[in-house]
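The values are calculated or read from the model by the stated rules, or taken from the named source; none is laboratory data. Quantities reported herein were computed from a predicted structural model and do not represent experimental measurements. Surface areas here come from the heavy atoms of the whole protein model, side chains and all, with no ligands, DNA or RNA. Shrake-Rupley method; radii C 1.70, N 1.55, O 1.52, S 1.80 Å.
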Amino acid sequence: SPAQKLVFNRVNGKRPQVLLQQVSAPEECYTLAHEENVRFIYEAWQQVEQQLDGSRSGESTCGPVQYVEKNPSPGLKNFVPIDLEEWWAQQFLAKIENCS
């Protein structure tokens with residue numbers, strides 16, 4: 001049977017449900033357990049971000065605390081965190097272009 005490929009569709013900026021589409025070329029295989037783990041981590045992180053935003057705006061006095069290094073390492077002075085959503089989008093588009 002053909003491998004399954006993840007398809008991401010954003011509607012009105014809302015997080016989509018993960019859909020699986022049949023493809024003829026063998027791709028990475030994502031199990032239901034993998035998808036469930038990714039969804040769990042994503043949703044948990046969204047809750048943390050909402051709580052952090054609430055504590056910054058003064059809505060809550062308790063909740064998560066953002067760690068800030070007191071003595072930052074000079075080697076990390078120019079560190080720029082990766083935007084995972086952008087990276088996944090680039091990977092997705094690259095795969096589409098390679099299949100065309």
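Points to keep in mind about this one:
- Taking 0.36 nm per residue of separation and subtracting the Cα-Cα distance, full extension of the segment from Val65 to Glu86 would add 4.9 nm.
- Here the gap between Cys29 and Glu97, fully extended at 0.36 nm per residue and compared with their Cα-Cα distance, gives a gain of 22.5 nm.
- The accessible area of Ile96, taken with all protein chains in place and a 1.4 Å probe, comes to roughly 70 Å².
- Going by accessible surface with a 1.4 Å probe and the largest first, Lys95, Lys70 read Lys70, Lys95.
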